[in-house]
Structure formats: C-alpha cells, structure tokens
Amino acid sequence: METQDALRAAVLEYIGRGVEAADAADADDFERLALEVFAYQFAENEPYRKYCERRGRTPDAVARWTEIPAVPTAAFKAALLLCGDPQEAEIVFRTSGTTAGPERRGAHHVRDLSLYEASALPNFRAHMLPDGAQLPMLILGPTLETAPDSSLTWMLERVRRAFGADGSAHFVDESGLRVAELEQALAASESAGKPVALLGTAAAFAHLLEALEARGRRVRLPAGSRVMETGGSKRLGREMPRDELYGMLVERLGLSEFYCVAEYGMTEMCSQFYDNVLRERARGQSPVSRHKVVPPWVRTQVVDAETLEPCPDGRLGLLKHLDLANLDSVMAIQTDDLGIAGPEGFELMGRAEGAELRGCSIAIDQWLSAQR
Amino acid sequence: MAQRAALDAFWLPEGLRRASGPFGDAGLEIQERALGPGHLPMRIPTFSPHTLRELLAGLRERGSAVLTERPLVEIVGSIGTAAARLTSPGEPLYEELLDTLPELTGYSRRMIEIGLQRMGAGWTAQALHSAIEEEFGSLDLLDDFQSRPSGGYHRAFGPPLTVHVFSGNIPGISVSSLVRALCVKSASFGKTAAGEPYLAVCFARALAEEDAELAGCLAVSYWPGGSEDLEAVAFSEASAVVAYGSDETIGDVGRRIPPATRFIAYPNRVGVALVTRRALTAERARQLARGAALDVATFDQQGCVSPHTIYAEAGGAVDPLDFARYLGEALDELAQRIPRGVMSPGESALIHQLRAHAEVRGATVFAGERGTEWTVIIEESAEFEPSPLNRVIRVCCVADLSEALSRLEKVGPHLQTVAVAGETDEVRSLAARLGAIGATRVVPVGEAAWPTPHWHHDGRFQFLDLVRFVDLETD
C-alpha cells in the first residue's frame, strides 16, 4: 500500500509538471518512474505478471522503459487487468459491445479517477483551449447517465464540468443525435456572435453535416469556435474520410481547419492524444502538418505489425503506448491502430483492417453470433 | 524493387475481340489497376452492359457450334495437355505463374509451386476421364443419346453458357471450375476476383496454344464484384451461374440470379480435425502432428478444406498438450520449408491480439517467435471457434470426442472437410456421425488440403450438377 501511495504521488507529480515538452531531466525521471510502475504492476497484477514471466521480462530483467512488455488490448477482454481488488475500482470503462455480446467487451477498471482527471484535463486544455477560451460545450454525445461505462462520455463530462461555460449541453439521447436542437444552438451561437466548442465522435459530426447538407443549410460559427472529433471506425458505425469531414466542417459550419482537432483515446488508456494544430495556432504558428501530440507522461512507439519491434520513423506500423496514468491497470498497451512516427508525434492511420478480434476473419462470425 | 509491367488480366477469344484496333469495334477500353494483395498492376477491359452482352452472346454461339460437335474425349485431351503447361516445371507458363502469383497473391513461391502441381493432378486427361466416368458411367452420354436400361435413350447437355464468379482465396479453383464446364461442353465466362485474377487467364492462354477452337469458347475478365449493371447482363445471359465466395457474396449474387438460371453456389465452409485417444500413441503422435501441420499450413488455411479447430481426445498414451507441442514443432519446421505468405498489418495484429487473449484467459499458447508465422492454442474446451486463418490453430482437449460432435452440430451446415485420426472402426463410426451432422468429406489427418479429382465438392457432383438430361422416347 505504501509503494502504491508513493507511486501515485510520484506519477501525479510527474503529470503535474505540465503538458509542455519535457526536458532531459524529465526524461530520466520518466524512465525511472516507468520502471517503478512496472515493478508495481508486475507484483500486483497477476495476469500481467504471468504474461511478463512467460516472456522472461521480469523487473530484474527490464532496464529500459522500451523493454516493458505491452499487453495487446484484446487481453482486456479476457481477464481482469488490475492492481489490487476489483471492488475498489471507482469505475469500469467498457469497450463498445458489438455482435459478440457483453461478455466479449473489454473492461478497464479504473481505481483512481483523480489520476485520470490529472491526465485528461490539462491535456484537453492544452490542445483544445490553448487560448484560454471559455466556451459553451455542445456535446454530440450522450450524458453519463445514458452511457455510464463509456470512457469517452466520462471524459467529456469532466471536461464540460471543468471548462464548459453556460449553455453547455448534450445532444444525444436514446433516439440518437437531436439534430434540430443542435442546429438551433448553432444558429444561436451564430446570431449572438458567441463562439462554441463542439465535441463528439466523427460519426456524430458526419450525421450532423449530412443533415445540414441535405437541406442546403450553412452556419457561420463565430471566430474561435472549434471542434473536437474522435474515432472513426472505432467508436461508431458510419464512416466519412477525415479529409471529407474536415472539408464539410469548414464548408457547413464556417470553421477554420486549424480549429478542427482530432482526439485519439482508447478505453484501456487513461491518457489521450490530440492534434497539434490548434495549440500551434494559438502560439501564433502556422502548423505545417497535422499529427498527434504525445503528452510527456506517455511514450508512443510505432512497431512492426509482424515482429512488434520498433519501426523506423516514417514507416507504417502498429501503435504501442506506455501511459504512466495507467498506474492501476497495465501501463504498456499494444494496440491494433496503425500509425506513422514522426519527429514531433505520430500520425494516426486508423485501425488495422481486419484486426478486430471477433473470433474469426471470415463471414462465419455472423452465424456464430446468430447462434449464441 | 523494379516496377512490373502491367499484366493482361483478361482473355477474350479471337474473333470476339473484333477486327479494328485491339478492341475497337467492341468499344472496350483497357484500364490499368492494381489488383491482389500485392497490388500488382493489371490491364483490365472496361465493359459496358452492351459490349458484355455481345461477348456473352458470341461465346454462347461458339459453344453451340463448336462444343456440341466435338467428341468429349478430344476436349478432355486438349484440357489435359493445356493444363500441363501451367503445372509442369520448365514450361514457360508455369515459370511465368511462379514469377507472378507469389507477388500477386502474397502466398510464398513454394506454396504456389506445390499448389499448381497438386491441383494439376486433377486437370490431367486421365483424371478428368475417370471423374466424368464416375459421374456419368461413360463420356458418351455427353456426345450422343445413349440407351437406358429402362428403355429409351437419354443424353446430357451442359449449359450453353456458364458464368463463373470466382473467389480469390485459392489459386486454381478458377481453373477447376472452367474445366468442369468445358467437360460438359459449356462455353464459359469467368469473372475473376481481385485477390487472384490471373491464373484463369493463363489457363485460357494455354488452351489457345493447344486448341484454339476450344479456347474460343472461353472468356475471362475482371470487374469489381457487385457491379450490378454488368452482373445483371452476365446472369441473364447465362444458363448456369457458378459462384464461389463468402456467405455474404453468395447471398448477394443469389438474389440476382433469374429463376430459370441454374445457380451453383460454393459459400464459406469450415474444416475441423478429430484425433481419438487410440490414435495418440507414442508411435503415431508425431506423424499425426506433421500431417495436421500440413493441413493447417497449406494455402495458409484459406481453403474451404482447411481445419479451424482440432479436437484431441484425452486419455491416450500421448497427452493432447504434447500433441499440440508436436504440432507446433511441425508448423515451425513448415514455416521454413513452405513459408507463410505476406500478411497485412491487420492480419498480423489480429494474430497478436488473439494470442494475448488466449494466453490471458488461461489457454496454453505455442507460437512462432519470429513473428506470427504459426500459432497453436490449446485449451480444455469443446467449443468450435473459427480461426483467423494464416496458420492459427486451436487444439481443443476433450474427455470424449462425443462432446465435440454435439458442439459441431451447430457448425454442421457450414462443415465441409473433417480430418480424422483413429482406428478403422472409430473412423467409420465418426464418419457416419459427421455425415449426419453435415460434413461432406472425411479424410485421414494430413490429407485435408488436397481433395482427389473425384471428390464431391461440398457434397455435390462436379459435372452432373451442371447438366440437363434429355430423354428420348421412341416408338
């Protein structure tokens, strides 16, 4: 328990140093802290310990953070990956259930929501509100009561409470996106000249934009208005290529493209990633490329899909993250998201096609689920 | 790597190509597009519904004029000689295929070599002769009216035009399909799949070198599956449609077949293997594991004959866990000898995810250490689970195989090949039960990958399913 408390304090202190790029001393501290967290998780998280032992990667054998074994996200569907007693979890986030049924949903037990907030809120502010704007948050997502185990919903709720100005509201209920009400809110923002922040899934934005397009409707949101969109294929069904989505956000809502920020998060991780564009814009720079920024308490590597060894910069591979804020579960996560590493972050290229663990790769999964 | 010159992924017969310009009269433009997992540049004609209808009508006329009159023994002879060009080392076409198919399909060169040679065994004149005889009694029934034991006469007629919709998973199935149609004297149009659009074209080219008249009754080309305007023409001009593919594809094609057109569908199938405890002796276990490894490794498990799960009965001299270990050793050896194909990042990622899922839920995982080249998952379970393919096999340890059989009942309609290892009496009784459940082929472990030329593909006749009998009653 003492170790745990000390580590928790150390991780909080490290995250508390801020979102700005870390210096060399910070990097050394990261390495040391990551190895300590690894030793803690190895000791306290039994399925993870076994996973590491089978690979010969015990705390004694691991000298660098890069050597810490990363657990593929599917493991969260097979076992409880938590340090300590599951009864003590403050919340259990679950991956969206599809045809496979609830028993196949991944579960991320979070024991300490304050750690989650310590990571999520400053990172959001740095990338979505770098200008210190106080905006009504129009959330194209459900309330926490409607979707209590969605990590995205939970995060948006905290963001709204921490930063949302008067007029913040949710626009999704059981029947879906309430387009008419949302349009009213947008029109009100336009006529009052008061900028807003729109937050939601790419699919929800696609829905909104298609509805506007169908009626030839255009809104010119006041300068300073912005969008945070997240997940394409991953979080909801319908897909629109990112370029097309942003083109329509510019055309239909009158936004600047630099004010359209993609967020990338996952149920199994307490920390998130955001596009660099708005933050750089607020510093008076002209972003030359769009990439995801890795917060200082996270490391992201792009690894070869076949060997899981690190890829050189510029080559397509699978993203592997190490997140100190995942103190209570597993810090190192092997995803099936594709990306390309660059000097200042990584470019997210979507989910590796065919990689959803659904029991099989051919159409027979349909009859299997039908027979269940 | 040097850029390859685009290959012609089509075969259009002489005369039906029209005289002026390569395809001038028919108005066919040739487009280049990247096809197959290897994204190889391929040249593809662009059909309009009109030009396609003309081509198909031309093929049908040719078929009626040429095929009806040719003795089947001649046709079979030409097929055999032509097919040998695709399957015999040293032949230019065989070498061209070895140079092309690995990059196009992602399969290793060795896999393609083995595949062509093994599948070629079913395309020889002798094999075809005996397979036709097995279904019709003799070849004569397709040449002329033959007397019936009950009196009168009958004769078998193939469809004037068969349209084939190929799948891209296993190179060679397309050739078998065209061969079957030719053997019942049907003209054919083969619509290839993006995954493997080339082998059927090479077969037509080989046939043209051997027997131009026969090759004149064939056309092969590609368009993106689901192109409804073209497919509406193809399905309405055809007398029979033979389609291979996923349940989804088959369902989609099936909905668009006119009621009077014969539809022969080969949807998704799965295979399993059963190993009885009496088969798990110290003498046999390693050999069985090597056989099972071949069944799994051949065409990287992409075939309808490939096993997804192996049920091994506990209580024999060799424990199922040890059998699984031997299986892993055999797969590791095969990974060197017959390398697995190239994976997409998604395919590799899926295998890593699946391994982790299995491991964390408590199963034992043996796996290749270089990457994802092979994976054996063993656990106590009787539940059938489809494999993500690419040499991922689950060994289910069961106390009694009857547990497996009862679980397999729900898989029954999709079950095809079951590889069985056991004593003779066990195999007989298992085959009877498997047959009742829905399996259509029971073979020894190690023989799953290569059906004989005489097999009942998905339990059906290869040739009889295509024909129409004409009864002739006389005074």
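Worth pointing out:
- Residue B:125 under 18 Å from the mean Cα position of the chain (by Cα) and under 21 Å from residue B:211 (Cα atoms): no
- Residue A:220 out of contact with any Cys (no Cβ under 8 Å at 6 or more places or on another chain) and part of a helix (DSSP H, G or I): no
- Residue match in segment B:368-388 (condition: without any contact (Cβ under 8 Å) to a residue 12 or more places away in the chain and surrounded by 21 or more Cβ atoms within 10 Å (Cβ to Cβ)): no
- Residue within segment B:432-454 that is aromatic (Phe, Trp, Tyr) and under 17 Å from residue B:303 (Cβ atoms) present: yes
- Set B:336, B:302: member being surrounded by fewer than 24 Cβ atoms within 10 Å (Cβ to Cβ) and within 10 Å of chain A (Cβ to nearest Cβ): B:302
- Subset of segment A:311-341 [assigned to a strand (DSSP E or B), away from chain B (no Cβ under 13 Å) and closer than 23 Å to residue A:42 by Cα]: A:321, A:322, A:323
- Subset of segment A:53-80 that is more than 12 Å from every other protein chain (Cβ to nearest Cβ) and in contact with a strand residue (DSSP E or B) (Cβ under 9 Å, 6 or more places away or on another chain) - its residue that is nearest to residue A:109 (Cα to Cα): A:68
- Within segment B:382-404, considering residues that are under 26 Å from the mean Cα position of the chain (by Cα) and under 20 Å from residue B:316 (Cβ atoms), the one farthest from the other protein chains (Cβ to nearest Cβ): B:395
- The C-beta contact set for segment A:35-52 (first residue within 14 Å of chain B (Cβ to nearest Cβ) and in a helix (DSSP H, G or I), second residue polar (S, T, N, Q) and surrounded by fewer than 20 Cβ atoms within 10 Å (Cβ to Cβ), distance under 9 angstrom, 6+ apart or interchain) comprises A:49/A:58; A:52/A:58.
- Condition check for residue A:153: under 30 Å from residue A:222 (Cβ atoms) and either in a helix (DSSP H, G or I) or touching a strand residue (DSSP E or B) at 6+ places or on another chain (Cβ under 6 Å) (or both): yes
- Scanning segment B:79-92 for residues that are assigned to a helix (DSSP H, G or I) and surrounded by fewer than 19 Cβ atoms within 10 Å (Cβ to Cβ) returns B:81, B:84, B:92.
- Test: residue in segment A:10-18 that is surrounded by 14 or more Cβ atoms within 10 Å (Cβ to Cβ), touching a Phe, Trp or Tyr at 6+ places or on another chain (Cβ under 7 Å) and either away from chain B (no Cβ under 14 Å) or at pLDDT 85 or above (or both): yes
- Residues of segment A:289-321 that are aliphatic (A, V, I, L, M) and either surrounded by fewer than 23 Cβ atoms within 10 Å (Cβ to Cβ) or within 13 Å of residue A:339 (Cα to Cα) (or both): A:293, A:294, A:302, A:303, A:305, A:308, A:316, A:318, A:319.
- In summary, strands (runs of 3 or more DSSP E) completely within segment B:253-334 and bearing 1 or more residues that are of a type in the set (D, E, K, R) occur at B:262-266, B:307-313.
- Of the strands (runs of 3 or more DSSP E) entirely within segment B:140-249, those holding at least 2 residues that are in the same structural domain as residue B:63 (by TED's automatic domain parsing) and within 30 Å of residue B:109 (Cβ to Cβ) occupy B:161-165, B:187-192, B:218-222, B:240-244.
- In this structure, residue A:133 qualifies as within 30 Å of residue A:193 (Cα to Cα) and in a loop (DSSP other than H, G, I, E, B).
- Residues being among the basic types (Lys, Arg), more than 7 Å from every other protein chain (Cβ to nearest Cβ) and either over 29 Å from the mean Cα position of the chain (by Cα) or in a helix (DSSP H, G or I) (or both) - total across segment B:340-361: 1
The values are calculated or read from the model by the stated rules, or taken from the named source; none is laboratory data. In this text, all values refer to a predicted model and were calculated from it rather than measured experimentally. Neighbour counts are summed over all protein chains in view; Cβ atoms, including those assigned to glycine, are modelled from backbone coordinates with ideal geometry.
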